[in-house]
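Comments concern the structure below.
The values are calculated or read from the model by the stated rules, or taken from the named source; none is laboratory data. Quantities reported herein were computed from a predicted structural model and do not represent experimental measurements. As a convention, Cβ positions derive from the backbone with ideal geometry for all residues, glycine included, and neighbour counts pool all protein chains shown. Ligands, DNA and RNA are stripped out before the accessible areas are found, and what is left, the full protein with its side chains, is counted by its heavy atoms. Shrake-Rupley method; radii C 1.70, N 1.55, O 1.52, S 1.80 Å.
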Amino acid sequence: MNQLLTTHPLVKHPEAIRLGMIGMTPGNGHPYSWSAIFNNYCKEAMSQECPFPGIPDYLNKVPNESIGVPGAFVTHVCCDKKSDALHVSKLSNVAHVVDSPEEMLGEVDAVIIATDIGSEHVKRARFWMEHDVPLLIDKPLCDTREDLAVFLDWNRQGKKFMSASSMRYCKEYSPFHRNCFEFGQPRLLVLTMPKQWKTYGIHALESVYPILGPGFHVVKRIDTPHVEGGTFVLRHDSGADIVIENRNDIWWSSLMIVGTKGETIVRCQDHYTAFRRLLLAFIEYLRTGTRPFDFEETREVIELLADLNTINL
């Protein structure tokens with residue numbers, strides 16, 4: 001890692017990791033919330049001004065002393081609209097607003113691409129890959145096999161990047177990762193996921209993938225009339241069927257696991273912890289050079305997403 005500067009007012013020691021935050025896309029408030037998780041935030045302004053009311057709702061539930069990531073800070077922010085970047089800076093204590101992402105080069109140690117439009121991510125990532133700047137790329141990494149091939153090539157070159165859904169780190173689901181033996185052999189997983197498939201389908205896939213592990217196959221997709229989303233059916237090599245109900249007229253994500261000897265239903269409620277665990281995993285990756293999970297998992301999940309995007313109805 002390069003010799004670190006200490007220009008950010010929150011940085012207390014020279015070993016701190018400086019992060020650049022790039023956003024924002026419609027309906028996605030991660031530049032606000034993820035910057036706040038690192039830097040803490042202006043509670044009054046966040047509560048009154050944040051255009052995503054869910055963000056202050058979950059941030060304000062967390063004790064103030066629990067917010068922050070030791071030794072890591074978002075020091076720079078750049079959005080497609082400078083007004084958005086200025087607002088993120090105000091609400092989430094980001095010291096520097098820049099006009100273009102490239103201005104961060106040499107000023108930050110890693111970059112977070114906090115945009116959830118997968119088709120843009122090769123373009124957004126290329127500059128940083130060419131300059132060997134580590135990246136956290138918001139879900140989905142991409143949404144086509146063609147773009148996945150670019151990221152696979154960067155991975156083969158040893159470029160340092162990761163991408164994951166925060167649902168991989170959901171505290172309510174994580175106890176069942178490769179660990180649902182108490183229910184016997186898994187036979188059926190049913191997952192509900194709100195909002196639209198285009199941006200939240202990856203959340204659904206990464207909710208169930210760590211539970212069963214590799215070996216998923218697409219079966220069918222059924223669109224729901226008059227509603228964004230639909231029903232998606234997969235099969236796993238273990239013999240389990242997976243049904244994902246993704247609709248923009250539901251609010252919560254819940255998971256049912258049915259096995260040969262029992263079943264359970266759990267609901268995702270703590271979004272703050274899921275986001276923070278994802279960000280902590282990235283910081284640990286920067287510090288150790290070891291991925292939090294094998295890139296082959298990302299490859300399989302993105303292939304599933306790409307195939308479900310194109311499958312005949």
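Evaluation of Leu280 against the conditions (1) in a helix (DSSP H, G or I); (2) open to solvent by less than 20 Å² (accessible area, probe 1.4 Å) shows that the sole unmet condition is (2).
Does Val133 satisfy being out of contact with any Lys or Arg (no Cβ under 7 Å at 6 or more places or on another chain), more than 18 Å from Val77 (Cα to Cα), open to solvent by less than 50 Å² (accessible area, probe 1.4 Å) and not small (Gly, Ala, Ser)? Judged against the criteria, Val133 is not a match.
Lys171 meets all of the listed conditions (1) open to solvent by 40 Å² or more (accessible area, probe 1.4 Å); (2) under 18 Å from the mean Cα position of the chain (by Cα); (3) farther than 30 Å from Arg267 by Cα but one, namely (3). When segment 145-179 is limited to residues that are assigned to a helix (DSSP H, G or I) and among the basic types (Lys, Arg), the one that is nearest to Glu303 (Cα to Cα) turns out to be Arg145.
Taken residue by residue, segment 183-201 has at least one member that is under 30 Å from Glu102 (Cβ atoms) and out of contact with any Cys (no Cβ under 9 Å at 6 or more places or on another chain).
Of Lys82, Lys123, Lys139, all but one fail to be closer than 23 Å to Ala36 by Cβ and open to solvent by 60 Å² or more (accessible area, probe 1.4 Å); the exception is Lys82. When you check Asp80 against the structure, is it at pLDDT 95 or above and outside any strand (DSSP E or B), yes or no? So Asp80 does not fit the description; no.
Taken together, Glu228, Glu263 contain a single residue that is over 22 Å from the mean Cα position of the chain (by Cα), open to solvent by 70 Å² or more (accessible area, probe 1.4 Å) and in contact (Cβ under 8 Å) with a residue 24 or more places away in the chain, which is Glu263. Within segment 83-119, can you find the residues that are over 17 Å from His30 (Cβ atoms), more than 21 Å from the chain's Cα centre (by Cα) and assigned to a loop (DSSP other than H, G, I, E, B)? Once the filter is applied, which keeps residues that are over 17 Å from His30 (Cβ atoms), more than 21 Å from the chain's Cα centre (by Cα) and assigned to a loop (DSSP other than H, G, I, E, B), segment 83-119 yields Ala95, Val98, Asp99, Ser100, Leu105, Gly106, Glu107.
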